[in-house]
Amino acid sequence: MSDGLAGFDLCAFPGAAPPAGTVSNFINPPSLAPTIIGVCVVMVTSATLFMVGRLFANYKRNLAWSDYCALIALIFSLAHGGLMLAQLKYARHQWDIPACWFFGNYAKIIFSQSMMLIPGLFFSKAAIFLLFQQIFEIENFMRPAIIIGMVFNLLIHLTGFGVEAYYQAPSPGQGWDDLMLSGKPNRAIYWGVVQSACSIVLDLYIFILPLPTIFRLNLPPLKRFQVVAVFSAAFMGVVANVVSLVYRVMLTIDLSDGTWKLYAILLCTVVEINIALIVCSVPGFSRFMRIYVSEWAPVKTLRSKIYGYSTSDKTKSPDSSHDSKNKPRTALGRREYIELNDAWLMKSGGGTATVDIIANGQGGQSPEIGGGSVARGGIVRTLDVEQQATSSHTPFSSENLVTTIPGVSRTRL
């Protein structure tokens, strides 16, 4: 501590002068601690669960860059949330905090938190852009749009990292207590306003970017609404950034009661980083629930009790019989077709796609294509098909795509 303060018991003085008619309360003052605990636990736990499900579902299919970025962001988010919980005693009005608390480890905690927050925000937004590249890669305009978003994301957070590292850390020959007395950290507040405004623009960009492609998909209205709702969760990040910007502007106008405003801002950052993680993990988590959780015996039992049917009843053919099971299948009447869905059509250029071949061994009517019912007695076989893209000037139609599969006659889709 500075020699000029030697001999003073700073613990007897408040960190700021209380407003007129208000008395400092060091014992049981109003606090943001319960709100911080609730938000941190809910958001960090939710992001962790979504992330674990995503990684588990994608692990066997080889993890993509989006998965790695999201994992790195989660690590920074956990560190940021832990530091939030480590400083709950400061989440009160500044005049209710003894002045001595602002010396010692306080400046170190604030600096460490900034160093965890900024990379976490960068990697969480980068994971979303990389996910867009995986999903919407066939769209010609998406690739440059994603690159623009990635560059903007990098510029915002790289600049913010440098500014925070300079203003929140002591200069050469300066101690942490001297840093607090110098008022140097207060100068970073103005950059905070700029960064928050840029983050709002970035979040709106992320929210709007996939919407044109989603609305052009040939999906039922309910399904389209569900897809839009997934990406619309990113709008919560916009709301959190707007609230953060309001408090940052208030700080630039009046530094009194700075701790209350600071922890309101940090609370918004917890929401922002974890909402981004949840949004980019929804597709993988959905796959995890569909493949692994839905097949879990307790879940099947619960479903049957709720909906009044069992899985075997749902899949059993109503007119199946012992005779039909043992009836030999002949080549005569065997019909095969390939079912393509929107996810397959959204793949770009050349590549390998997985399609389902359904063979009807009963010589009956062919199953409907494109979401229709499958004929009874059909067999589903999954194969990998090499896709050859046509020229961008040639419109896609069922007459233009011809697929050849080993063991199956040349099939026109």
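Computed over the Cα atoms of region 217-262, what is the ratio Rg over Rh, Rh following Kirkwood? Walk me through the numbers before you get to the answer.
Values: Rg = 18.1 Å, Rh = 13.1 Å.
Taking Rg over the Kirkwood Rh, I get 1.38.
Provide the convex hull volume over Cα atoms per residue for region 157-312, in Å³.
Details: hull volume 29.2 nm³, N = 156.
Per residue, the Cα convex hull of region 157-312 comes to 187 Å³.
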**Surface/4 estimate of mean projected area, convex hull on alpha-carbon atoms of region 97-191, nm²** = 7.6
**Request:** Holding the Cα-Cα limit at 27 Å, pick out from Lys223/Lys305; Lys125/Lys184; Lys89/Lys184; Lys223/Lys300 the pairs that are longer than that.
**Result:** Lys125/Lys184
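Counting alpha carbon pairs within less than 8 Å and at least 6 residues apart, what relative contact order, in whole percent, applies to region 81-155? Working shown, then result.
Values: 20 pairs, mean separation 19.4, N = 75.
It comes to 26 percent, rounded to a whole number.
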**Message:** For a quick check: sort Leu266, Leu83, Leu255 by the number of other beta carbons within 10 angstrom, fewest at the front.
**Reply:** Leu255, Leu83, Leu266
**Asked** How would you rank 95-102, 15-22, highest first, on the average number of other Cβ atoms within 10 Å across their residues?
**Response** 95-102, 15-22
**Gln168 long-range amide H proximity, modeled H, under 5 Å** = none
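Using Cα-Cα distances under 8 Å and only pairs 6 or more residues apart, what relative contact order does region 74-228 have, in percent? Provide the component values of the computation, followed by the final result.
Values: 107 pairs, mean separation 37.8, N = 155.
The normalised contact order for region 74-228 reaches 24 percent.
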**Request:** Per residue of region 77-92, in order, report the coupling 6.51 cos²θ - 1.76 cosθ + 1.60 (Karplus, θ = phi - 60°) as ³J(HN,Hα) in whole Hz, putting x for Gly and Pro.
**Result:** 5, 5, 5, 5, x, x, 5, 4, 6, 7, 10, 5, 5, 8, 7, 8
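Computed from the coordinates by the stated procedures, all read-outs in this text should not be read as laboratory data. Nothing here was measured: the structure is a model prediction, and the numbers come from that model. Note: ideal-geometry Cβ built from the backbone for every residue, glycine included; neighbour counts use all protein chains shown.
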